[in-house]
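The values are calculated or read from the model by the stated rules, or taken from the named source; none is laboratory data. Worth saying up front: this structure is predicted, and the values here are computed from it rather than measured. As a convention, Cβ positions derive from the backbone with ideal geometry for all residues, glycine included, and neighbour counts pool all protein chains shown. Each accessible area value is taken on the protein alone, full model and side chains, heavy atoms only, with ligands, DNA and RNA left out. Shrake-Rupley method; radii C 1.70, N 1.55, O 1.52, S 1.80 Å.
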Amino acid sequence: MACAIDDGNGSAPDAGALLRWNYARLWRRLGLRVLLGLSLCALPVVLVRVGVPDSVLLAAPTAAGVLVLVLTAFRMPQAFVWMRACRRILRVYPLEARSGVVCKERTSGKWGTLFELRVPYAQAGRSRRMKAVDCAEGNSWPEGNDGSVFVAGDLDFGGVLLVPQGRVLMLLQPMKPELIPQEAATASSTRRALAEQARFRTRALK
């Protein structure tokens, strides 16, 4: 189901504070997942010590705990890569209020949940389909239609989207990132210079 968030006229938030908040959010998720995995691994030992008869069934929590830890080790480092990409973009481009952002689809990707969005350009009447990921490993589109949405970047190359409800930070990428070099070849020298500073990803989000 499509979901939309319209912006208001609020001033852009502080990018540094926004990054600190999302890094903290990411570290909390990492800590909770590691704690869950270790707790599941330790559960059979605790149960045996309190008198539960040893059984092959007690291996199930350990297996689940190992799976949680393996998936965490596999996926969480990519989230830090996304956060660094957002930080580079926010150093170059300001956050600007944008209206009419629409979430068209949500799918499960290799590294996390992928969102397909329709994001308007700053110029009225134009929009572009973009891929997006929640940089703190969130897997649901933020709820709420009463706040502002902010976008930083150049949609032909990529960007950052902020949904103030929950201060959710998302990394944006064109649907076909392999075409970014072609977009750069036809862009103005100013746009190319900014894009080079931001070092937009050409490797597809997945």
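Just subtract the alpha-carbon distance of Lys110 and Ser39 from 0.36 nm times their residue separation and send over the number in nm, one decimal.
Net length gain for the segment: 23.0 nm.
Return the calculated 222 nm mean residue ellipticity for the chain, to the nearest 500 deg cm²/dmol, obtained by summing -39500 (n - 2.57) across DSSP H runs with n ≥ 4 and dividing by the residue count.
It comes out at -14500 deg cm²/dmol, rounded to the nearest 500.
Cβ under 14 Å from Arg192's Cβ, Arg192 left aside: what net charge do those residues give with Lys, Arg +1 and Asp, Glu -1?
Surrounding charge for Arg192 is -2.
Describe numerically, in nm with one decimal, the distance between label points set 7 Å from Cα along Cα→Cβ at Val102 and at Ser55.
Computed distance between label sites Val102 and Ser55 equals 5.4 nm.
For Leu18, what is the net charge nearby, where nearby means another residue's Cβ is under 15 Å from its Cβ and Lys, Arg count +1, Asp, Glu -1?
Neighbourhood net charge equals +4.
Return the long-range amide H neighbours of Ala136 (sequence gap of 5 or more, or a different chain), with a cut-off of under 5 Å between placed amide H atoms.
Amide H neighbours of Ala136, under 5 Å, 5+ apart: Leu169.
By Kyte-Doolittle mean hydropathy of at least -1.0 and Cα axial length of at least 20 Å, which whole DSSP H helices of the chain are selected? Don't skip to the answer; put the middle values down first.
Details: long enough: 15-49 (50 Å, 0.89); 59-92 (51 Å, 0.98).
Helices meeting the criterion: 15-49, 59-92.
Residues in the range 95-139, backbone N under 16 Å from the label point at Thr186 (7 Å along the Cα-to-beta-carbon vector): list them, ranges by number please.
127-129
Return one whole number: the accessible area per residue of the range 50-206 in Å², for a 1.4 Å probe.
Details: 7820 Å² over 157 residues.
Here the per-residue accessible area is 50 Å².
What's the ranking of 74-87, 42-55, 164-177, 104-117 by average number of surrounding C-beta atoms within 10 Å, highest first?
Values: 74-87: 17.4, 42-55: 11.4, 164-177: 20.1, 104-117: 15.6.
Packing proxy ranking, top to bottom: 164-177, 74-87, 104-117, 42-55.
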